[in-house]
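These notes concern the structure reproduced below.
Any read-out appearing in this document is the output of simple, stated calculations on the displayed coordinates, not a laboratory observation. Source: prediction; values computed, not measured.
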Amino acid sequence: MSMDEAIGLQPGEYDQRVTLYRDSPTANEDGQLVEAGAAICQRWAQVRPYGGTEKHANQQQQADVTHKVKMRSDRMTRQITPRDWLLLRDGTRLDIERAYDEDLRKVQIVMECKQVK
């Protein structure tokens, strides 16, 4: 039995490489705050869409795609907050809405995210 199986994870469960960014806004020449992110770590994760809604605003269709992201819990990932976001390898940005330890065993962090267009 592998270590992953012993703690309840399946081999190959984390199949995507993601980069975690932390928001660190800076001021531009006009004094306006501009969003700027600093990469804080890269991790293997499981990224799965789990819901979506269609919105009709001003005769335009806009979709919010919601994802659930899971990754190993470690010192860095236990500090994830909604001010952070993930970037997938294909350039897709996922804003973190909520991050929590699903089973309170400090084994896996679960994040509920919204895709940014």
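Annotation: amide H of Lys106 has no partner in the under-5 Å range at sequence separation 5 or more or interchain, hydrogens built in the peptide plane.
Applying the Karplus relation 6.51 cos²θ - 1.76 cosθ + 1.60 with θ = phi - 60° to segment 98-112 yields 3J(HN,Hα) values of 7, 9, 7, 8, 4, 10, 6, 10, 6, 10, 9, 9, 10, 10, 9 Hz, where x marks Gly and Pro. When only alpha carbons are used to place a centre, segment 20-41 and segment 64-117 end up 19 Å from one another. Taking amide H as placed 1.01 Å from N in the peptide plane, the amide H of Gly37 sits under 5 Å from that of Ser24, each at least 5 places away or on another chain.
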